[in-house]
1. Based on other C-beta atoms within 10 Å, arrange GLU234, GLU181 from fewest to most.
2. What are the ³J(HN,Hα) values, in whole Hz, obtained from phi via the Karplus relation 6.51 cos²θ - 1.76 cosθ + 1.60 with θ = phi - 60°, for each residue of the range 21-36 in sequence order, with x given for Gly and Pro?
3. Would you report the distance distribution of C-alpha pairs in the chain as whole percents per 10 angstrom bin, up to the bin with the largest distance?
4. Rounded to the nearest Å, what's the spacing between the alpha carbon centres of the range 207-259 and the range 49-95? Just the number, please.
5. Where q = 0.11 Å⁻¹, what log10 of I(q)/I(0) comes from the Debye formula for the range 126-271, counting one point per Cα?
6. Pop the C-beta distance of VAL391 and ASP279 into the FRET formula with R0 = 56 Å and round what comes out to the nearest 0.05.
7. For Cα pairs less than 8 Å apart in space and 6+ apart in sequence, what is the mean separation divided by the residue count of the chain, i.e. the relative contact order in percent?
8. Below 18 Å, Cα to Cα, which aspartates and glutamates can LYS190 reach? Residues fewer than 8 away in the same chain don't count.
Amino acid sequence: MENINTIQNIPDTPKKRIVIIGGGFAGLELAKKLCAKPFQLVMIDKNNYYQFQPLLYQIATAGLEAGSVSFPLRKYFQKYKNAHFRLGEVLKVNPEKNEIVTDIGSLRYDYLVIATGTKSNFFGLENIYKNALGMKSVTDAIYIRNYLLNNLEKALNETDTNKISNYLNIAIAGGGPTGVELAGALAEMKKYVFNKDYPELDLSLMKIKIFEGSDVLLNGMSAYASENAKRTLEKMGVEVLLNAKVTDYDGEKITLDNGQIFNSKTLIWATGVSAAKPDGFHHQSAGIGMRIKVDRYNRIAGYDNIFALGDVAFMETLDYPNGHPQVAPVALQQGKLLAKNFQNIIKNKPLREFTYKNKGTMATIGRNSAVADLPGIKLSGFIAWFLWSIVHLLSIVGAKNKVFVLIDWIYRYFTYDQSLRLLIKHKTTHSE
Ligand SMILES: Cc1cc2nc3c(=O)[nH]c(=O)nc-3n(C[C@H](O)[C@H](O)[C@H](O)COP(=O)(O)OP(=O)(O)OC[C@H]3O[C@@H](n4cnc5c(N)ncnc54)[C@H](O)[C@@H]3O)c2cc1C
């Protein structure tokens, strides 16, 4: 149902109002660059924090605190009177009225920027949607951590070997960077942590499997990286099944497209995303993968004052005929350029076209082990892992977060311990 009240306490001023939907990589980069400029900025996000998704797998595997990879969005706006943050979910855009409709009210804009990223795509597979665990947000990652720890506790209460292995098995659908990183981290937990925490359990019953629909891991990276990742994971005890698409899951049985069935009470869905696009745009603006079609200035096809950035945007170029990869550097670079272009707009200067500067792709597999496809060079092993660590540490938002992550990493490196193994329960009664 549409809420027709206007969002309160955002004054009308002579400044042009830019409304940014989404405070992720793209939206936040844009806002940071525009805060001190002569616009009124309004950011709306359904969470009051930014999340650094590349390290979610470390929250899911008890290596990092959720707070270390999140950052309160309001903190950015503290110093600026012309900038406002609202916690709310945008439901719809009314381009003909220059207005957005959210669950906290409607709001007029002069310029609108959609930076809403993606959501998990279950490809219409209802059972998988109901029973698999998503891996898209801090909340998902904390849930996975709790779920895994709870299953280990439950396994201890069983005597039947099949039941025990069902609780212990962990299946991951998707052999992209998220699936590979998660599988590697879980294999290390099994080796270094679970064996000490659960000495009564026969951990040989725990199988960690990746089901990947294509014929390689890390599809999109070089053959060198894909083969290295597969070899390393297998050495760590992970079973990698290629050409294996998960088609059904009832919470216990995983069914593949070739009819094979595997038993596991855990299926983590690390495959497939679709654009998280609000309703209201005409179909002229529909790009591949539900993404919003934009021109080289990130302006949405058919609209003069609405832009889309990052994962949600589909920009076709000669180098990227199927759109840019849905990765953080694209979102950051588009956010940065649009901030410059907004200043060009008010100065009546020509806009600058977006060209992606691809500095390479990396994925970590485990301790001292990663792969990196960099311009002109392919790396693996310790050097790639060290580089991956530096790049991710520098990219984390907030000085305190950087320090905390570094401390956790150093601690873990020397102690082999993932120390954040709290099993947080839902609150049903008052604490006693
Ligand atoms: C598990 C995981 C691991 C990843 N690892 C890597 C990696 O190693 N390297 C890399 O480069 N990329 C990685 N990525 C991809 C990277 O995170 C994305 O490319 C990047 O986040 C895109 O930025 P964005 O600003 O477009 O969207 P996001 O960062 O997703 O931000 C979107 C924001 O919009 C908000 N939002 C969405 N819908 C609404 C709505 N209707 N109303 C209000 N707010 C809304 C969300 O709450 C969110 O804050 C990973 C992604 C995941 C999920």
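Every number here is computed from the coordinates shown, using simple stated rules; none is lab data. Keep in mind it's a predicted model, so treat the numbers as computed, not measured. Please note: Cβ atoms are built from the backbone with ideal geometry, for glycine as well, and neighbour counts cover all protein chains shown.
1. Fewest-to-most ranking of GLU234, GLU181: GLU234, GLU181.
2. Values, residue by residue: 9, x, x, x, 3, 6, x, 5, 4, 4, 4, 4, 7, 9, 3, 8 Hz.
3. Pairs per bin, as whole percents: 4, 20, 29, 25, 15, 6, 1, 0.
4. Each part's Cα centre sits 31 Å from the other's.
5. Rounded to two decimals, the profile gives -0.39.
6. E(calc), rounded to 0.05, equals 0.95.
7. For the chain, the relative contact order is 18 percent.
8. By straight Cα distance, LYS190 reaches GLU153, GLU181, GLU200, ASP202, GLU234, GLU239, ASP417.
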